[in-house]
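The next block holds one structure in the form of structure tokens; read it before the comments.
The values are calculated or read from the model by the stated rules, or taken from the named source; none is laboratory data. Treat the numbers as computed from the prediction; the structure is a model and nothing was measured. Quick reminder, even Gly has a Cβ in these numbers, built from the backbone with ideal geometry, and neighbours come from all protein chains shown. The area values use the complete protein model at the heavy-atom level, side chains included, leaving out ligands, DNA and RNA. Shrake-Rupley method; radii C 1.70, N 1.55, O 1.52, S 1.80 Å.
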Amino acid sequence: MPAPISQPDDPALLRIDGPIATITLNRPAAFNSINLAIAQKLEQLAVYIEGDDAIKVLVIEGEGRAFSAGGDLQTIGAAAEAGTVTPVVGELLKHYHAFIEIVRRMPKISLSSVHGSAAGAGMGLAFVTDLCIAADDAKFTPAYAKIGVSPDGGSTVGIVGTVGSRRALQIFLSEDNFSAQQAYEWGLVAKVVAAADLKAATRKLAERLAQNPPAAIAGTKQLVYRAATTPVKQQLDAEEHKIIMAMNTEDFRVAVKKFTSKSK
């Protein structure tokens, strides 16, 4: 399948540089809020990335002053007034949640690179990825309770598994917003860097992550995400299966030879 060709006015852009794919949320005038068009484009791009074996790392970033302001409240508000919330939001989330599912399951590392504001579903996107790097001026805003709704867009998927239920309830129900440093202390952000250094630091981290062999990435990601809900014996069996699969690859044979030659 040929790579999708991004046009400047597409709501999300794809750039591929070797083993690293970058999706840029591209609605800067709307602070990269999520509407149907961007949800459909994100799903399309994720399907391609998942199927391209040459890609090892996916970076997700936002164009303009914000990472993402979350759901497009103009569209959603208009639907609420018209009594069409169920079909409108249902269709939007069908595509957006399909995108999130792919990001979580694909045998590649996903890395969100966050600057400015990440609110609502934008906050959820920042933390549903495998790792998050954030500018020191990034601000995370749950936003849901203030408008009388519960979380969506993968927000509970990414946050609860990291911080636990009590901290998650605090975040969603009692935090107006929190800083990149707080997110780092809670384990939601892997690294905080100066805003001016975010792009370079993101690239450096993505390149480091891309050095992991594909079997190691795929096996580790699957094992980690299933560990909390899988019985011990089943998890141990899965560990055995994944490590033997990885040991049957050329990447493993080369790495072991390199390691043993150094230790002599």
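Under 12 Å from the mean Cα position of the chain (by Cα), part of a strand (DSSP E or B) and more than 19 Å from Asn32 (Cβ to Cβ) - does that describe any residue in segment 92-108?
Scanning segment 92-108, I find no residue that is under 12 Å from the mean Cα position of the chain (by Cα), part of a strand (DSSP E or B) and more than 19 Å from Asn32 (Cβ to Cβ), so the answer is no.
Considering only segment 76-103, state which residues are in contact (Cβ under 8 Å) with a residue 12 or more places away in the chain, open to solvent by 60 Å² or more (accessible area, probe 1.4 Å) and more than 26 Å from Tyr225 (Cβ to Cβ).
If the condition is that a residue be in contact (Cβ under 8 Å) with a residue 12 or more places away in the chain, open to solvent by 60 Å² or more (accessible area, probe 1.4 Å) and more than 26 Å from Tyr225 (Cβ to Cβ), then Glu91 is the only one that fits.
Could you run through segment 114-155 and say how many residues are open to solvent by 40 Å² or more (accessible area, probe 1.4 Å), free of Cβ contacts under 8 Å to residues at least 60 places away in the same chain and outside any loop (DSSP other than H, G, I, E, B)?
3
Any idea which residue in segment 1-27 is most open to solvent (accessible area, probe 1.4 Å), counting only those that are within 19 Å of Lys199 (Cα to Cα) and among the hydrophobic types (A, V, I, L, M, F, W, C)?
Selected residue: Ile16.
What residue, among those in segment 180-196 that are without any contact (Cβ under 8 Å) to a residue 60 or more places away in the chain and over 17 Å from Thr129 (Cα atoms), is least open to solvent (accessible area, probe 1.4 Å)?
Filtering segment 180-196 for residues that are without any contact (Cβ under 8 Å) to a residue 60 or more places away in the chain and over 17 Å from Thr129 (Cα atoms), the one least open to solvent (accessible area, probe 1.4 Å) comes out as Ala194.
Could you check segment 159-237 for helices (runs of 4 or more DSSP H) lying wholly inside it with 3 or more residues that are in the same structural domain as Ile109 (by the TED database) and within 18 Å of the chain's Cα centre (by Cα)?
In segment 159-237, the matching helices (runs of 4 or more DSSP H) lie at 180-185, 198-210.
For segment 53-61, check the following and say yes or no: at least one residue is in contact (Cβ under 8 Å) with a residue 40 or more places away in the chain, more than 23 Å from Val157 (Cα to Cα), open to solvent by 30 Å² or more (accessible area, probe 1.4 Å) and in the same structural domain as Ser33 (by the TED database).
Taking every residue of segment 53-61 in turn, at least one turns out to be in contact (Cβ under 8 Å) with a residue 40 or more places away in the chain, more than 23 Å from Val157 (Cα to Cα), open to solvent by 30 Å² or more (accessible area, probe 1.4 Å) and in the same structural domain as Ser33 (by the TED database).
Yes/no per residue for (1) farther than 20 Å from Lys108 by Cβ; (2) hydrophobic (A, V, I, L, M, F, W, C):
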site	(1), (2)
Leu209	no, yes
Pro213	no, no
Ile217	no, yes
Lys221	no, no
Arg226	no, no
Pro231	yes, no
Gln235	yes, no
Ala238	no, yes
Ile244	yes, yes
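From Leu13, Leu25, Leu36, Leu45, grab the single residue that is closer than 24 Å to Lys108 by Cα and in contact with a Leu (Cβ under 7 Å, 6 or more places away or on another chain).
Answer to the selection: Leu45.
Looking at this structure, is Ala39 touching a residue at least 12 places away in the same chain (Cβ under 8 Å), in a helix (DSSP H, G or I), open to solvent by 70 Å² or more (accessible area, probe 1.4 Å) and over 11 Å from Ser68 (Cβ atoms)?
no
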